[in-house]
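Beneath this line is the structure, given in structure tokens, with notes to follow.
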Amino acid sequence: QVQLIESGGGLVQAGGSLRLSCAPSDGTASRYTMGWFRQAPGKEREFVASISRSDGSTYYADSVKGRFTISRDYAKKTVYLQMNSLKPEDTAHYYCNVQRGPIATITPGDFWGQGTQVTVSS
């Protein structure tokens, strides 16, 4: 069973930036469609972004479109979530996810990372 190793969370002021990283333990990030999800206290886990395994196309939640960028580094076998212009409402625990199928999607797969906390202060 693949494990997802996440890093990059932290505390940042509104308007700032953070970059999250996710690396599958088996080094196979390029084989999967990968997604990021987040969960704020008292709320349901929600989709943030996805990147296709087939052509690298991406898909974003409306709430982060234009501010967040999901990307894949094939050499480092890592998927990133670059988060710019952060807002207090972006505060949440962010999770990396291995998704099913070849195209970017909002549907989570079965494998999750442990998550990393992002806190945006106003």
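At a glance:
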{"item": "Heavy-atom accessible area per residue - the chain, 1.4 Å, Å²", "result": "51"}
{"item": "Surface share of carbon and sulfur [accessible, 1.4 angstrom probe, percent] for the chain", "result": "48"}
{"item": "Selection from Gly115, Pro41, Ser17 lying farthest towards where the dipole of the chain points positive, charges on Cβ", "result": "Ser17"}
{"item": "Debye, to nearest 20: dipole size of the chain, +1 on Lys, Arg Cβ, -1 on Asp, Glu Cβ", "result": "180"}
{"item": "Label-point gap, in nm, between Glu46 and Ala75 - each point 7 angstrom along Cα→Cβ", "result": "3.6"}
{"item": "Sites matching GluC sites (Glu not before Pro) across the range 1-55 that sit in DSSP coil, with at most 12 neighbouring C-beta atoms within 10 Å", "result": "Glu44"}
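The values are calculated or read from the model by the stated rules, or taken from the named source; none is laboratory data. In this text the structure is predicted, and so the values were computed from the model without any measurement. Heads up, the Cβs are rebuilt from the backbone with ideal geometry, glycines too, and the neighbour counts pull from every protein chain shown. The area values use the complete protein model at the heavy-atom level, side chains included, leaving out ligands, DNA and RNA. Shrake-Rupley method; radii C 1.70, N 1.55, O 1.52, S 1.80 Å.
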